Amino acid sequence: MLPKIEYSCPQTLEELFEILEKYKEQAKVLAGGTDLLVSLRDRIEKARHIVDIKKIKELEKLEYREGEGLVIGATVTLRKILESRVVKERYPVLWEAVRTIGDMILKNRATLVGNICNASPAADSAPALLILEAKVRILSREGFREVPIENFFTGVKKTILKPWEIVKEVFVPEPPRNHFGRYLKMMRVMSEDLSVVGVAGLGYREGGDVKIRLAYSSVAPTPLRIREAEEAFLKPGTIEEKIERAVQIAAEKVSPISDVRGSAEYRLHLVKVLTRRLLKQIVEVV
Amino acid sequence: MEKKKIIFKINGVEKTVEVEPNKTLLWLIREVLKLKGTKKACERGDCGLCTVLLNGEPVKSCLVLAVEVDGSEIVTVEGLSRDGELTPIQKAFIEHGALQCGFCTPAFVIVGHWLLNRNPNPSREEVVEALNGVLCRCTGYRPIIEAILDVAKKRK
């Protein structure tokens, strides 16, 4: 049973901001509802007013512009992203990550912006967005700001978002030319589950060098990009030495916990195994 | 709590109902419209037994507020058959014995319909993936998968 709530469904951003400013932290934004309604039912989140943003036209955009990048609006469902050819072809690591979020039914409701606003350490879209260097476009009545996704998460289920602001859209710039990217996700079961550990990685050639990017889910209070491991990969050595260096640094930088999905020790082991596996795939392809 | 008036179509029939905002679509279907084919189980989006079609797409009705369906079209398992004739999927479930306790069957039938509508000739892997949001607590997945594949095969 859900607690008592009020509900509104504004048609315009103007109406939305009026409601958000009136209720502030007592208002919660509803898009797909696949996280919000569970949190309300479990009394993890409290809200007096639920504001449904699905009727606001400005938030529906899923648009790619050659040479610029991809815009994913706040109400774009995971289903739409999965069905987008341009996402599959140009942003394969994002497509692969989205494919692993929730199940095939939830994807009809759940949104990518909701996945990052929920700010779970296990958010599967986050590692992919981190290595694609996505920008979070935040809107309020006061104005517009664009924040690198690396600065968006502040803790478990916490972001920089103020109660009167919304994420209008996520912007994903054009990835490096001829890059290869993948999201490896370890789950307890074969079909669908939250990650025990997830690793997104991409590699590309610049000059003679192979450059890499690495980011993780479920290994720290927030989704985590590990730039130190990326930089260590650039230092001289054989490919095997480079990979092992990156693996070691990644293992040092994560701070996994033990929970129902796995122990801290197992997660640390998986960080090493998955990082090594992913980097081997990357150096084979690029 | 202030009630909201919503107008929607369910199984082809238009309804006008007043609901409190904290009620789910699942509650609306079972407790107001008395359509008991849609099952209430985990109530947190994990098991999928409350799955119905909302504007043609399967959704878990425990994770949709009733007020959200204003202006929408809903189909439950009761709305699939025409003139008392079962659909090919329903018949295939019977032929294949694709049920044990039967509690998850309406949800699998709904998802099976959706899958074959959008992908008339799915591979086994595609069927398995499409069904990953519905839990069969008796673990009788194999005949369910085979029933859906059989319908696709017979249509060819």
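Bear in mind these aren't lab numbers, they're just calculated from the coordinates by the rules spelled out. Since we're looking at a predicted model, the values are computed, not measured. Positions of Cβ are generated from backbone atoms using ideal geometry, with glycine treated the same way; all protein chains shown enter the neighbour counts.
Once both labels are modelled 7 Å past Cα along the beta-carbon direction, what's the A:Ser258-A:Lys24 spacing in nm?
It is 4.1 nm.
In units of 2.2 N^0.38 Å, what is the alpha-carbon radius of gyration of the stretch B:37-123?
Output field value: 1.10.
Below 8 Å between Cα atoms, with a sequence gap of 6+, how large is the relative contact order for the stretch B:88-155 in percent?
Contact order relative to length: 52 percent.
What residues have an amide H closer than 5 Å to that of A:Arg225, excluding those fewer than 5 places away on the same chain, when H is modeled at 1.01 Å from N in the peptide plane?
Result for A:Arg225 returns A:Tyr216.
In whole Hz, with x marking every Gly and Pro, tabulate ³J(HN,Hα) for the stretch B:119-124 from phi via Karplus 6.51 cos²θ - 1.76 cosθ + 1.60, θ = phi - 60°.
9, x, 10, x, 6, 4
Starting from the Cα of A:Arg188, move 7 Å in the Cα-to-Cβ direction to define the label point; list residues of the stretch A:110-124 whose amide nitrogen is under 19 Å from there.
Residues A:120-124 fall inside that zone.
So how much slack lies between B:Lys156 and B:Thr16, counting 0.36 nm per residue of separation and subtracting their Cα-Cα distance, in nm?
Using 0.36 nm per residue and subtracting the Cα-Cα distance, I get 46.3 nm.
Using label points projected 7 Å from each Cα along Cα→Cβ, tell me how many nm separate A:Glu174 and A:Lys4, to one decimal.
Output for this residue pair reads 5.6 nm.
Once amide H atoms are placed 1.01 Å from N in the peptide plane, what residues at a sequence separation of 5 or more from A:Thr159, or on another chain, have their amide H within under 5 Å of its amide H?
A:Thr154
Note down the Stokes-Einstein diffusion coefficient of the stretch A:60-113 in µm²/s, whole number, using a Kirkwood radius over alpha carbon pairs, 4 °C, and 1.567 mPa s.
Rounded, D is 116 µm²/s.
From other protein chains only, count the Cβ atoms within 10 Å of every residue's Cβ in B:126-135, then give the mean.
Other-chain Cβ atoms within 10 Å of each residue's Cβ, averaged: 4.
Taking other Cβ within 10 Å of each residue's Cβ, how do A:Leu278, B:Leu116 sort, fewest first?
Listing A:Leu278, B:Leu116 from fewest to most nearby Cβ atoms yields B:Leu116, A:Leu278.
Rg (Å, one decimal) plus Dmax (Å, integer) for the alpha carbons of chain B?
Cα only, chain B: 15.7, 53 Å (Rg, Dmax).
For B:Glu73 and B:Asn55 in one chain, what is 0.36 nm times their gap in residues minus the Cα-Cα distance, to one decimal in nm?
Fully extending the segment from B:Glu73 to B:Asn55 adds 6.0 nm.
Taking 1 over the mean of 1/r across every pair of different Cα atoms in the stretch A:180-285, what Kirkwood radius in Å do you get?
Answer for the stretch A:180-285: a Kirkwood hydrodynamic radius of 13.9 Å.
So if we plug the beta-carbon distance of B:Glu126 and A:Glu14 into 1/(1 + (r/R0)^6) with R0 = 35 Å, what FRET efficiency do we get, rounded to 0.05?
0.20
Measuring from label point to label point, each 7 Å out along Cα→Cβ, what is the A:Ile239 to A:Arg48 span in nm?
My value for the distance between the label points is 6.1 nm.
On a 0 to 90° scale, report how tilted helix A:264-285 is relative to the longest principal axis of chain A, with both axes built from alpha carbons and the result rounded to the nearest 10.
Value to nearest ten degrees: 70.
Which value does Rg/Rh take for the stretch A:6-52 over its C-alpha atoms, Rh per Kirkwood?
For the stretch A:6-52, the value is 0.97.
So for B:Arg137, B:Arg30, A:Arg109, fewest C-beta neighbours within 10 Å to most, what's the order? Intermediate results must be reported in sequence, preceding the final value.
Details: B:Arg137 12, B:Arg30 19, A:Arg109 26.
Least crowded to most crowded, the residues run B:Arg137, B:Arg30, A:Arg109.
Sequence neighbours fewer than 8 away in the same chain don't count; with that in mind, list the lysines whose C-alpha is under 18 Å from A:Lys272.
Filter leaves A:Lys185, A:Lys242, A:Lys253, A:Lys280.
How high is the relative contact order of chain A, in percent, with contacts defined as C-alpha pairs under 8 Å that are six or more residues apart?
Result for chain A is 15 percent.
For peptide B:45-54, compute the average count of partner chain beta-carbon atoms within 10 Å of each residue's beta-carbon.
Working: counts 12, 4, 0, 4, 0, 1, 2, 0, 1, 2.
Mean inter-chain Cβ contacts per residue within 10 Å come to 3.
How large is the convex hull of the Cα atoms of the stretch B:4-77 per residue, expressed in Å³ as a whole number?
Hull volume normalised by residue count: 73 Å³.
So how do B:Cys136, B:Cys62 line up by other beta-carbon neighbours within 10 Å, fewest first?
B:Cys136, B:Cys62
How long is the protein assembly as shown along each principal axis, judged by its Cα atoms, biggest number first, in Å?
73, 55, 43
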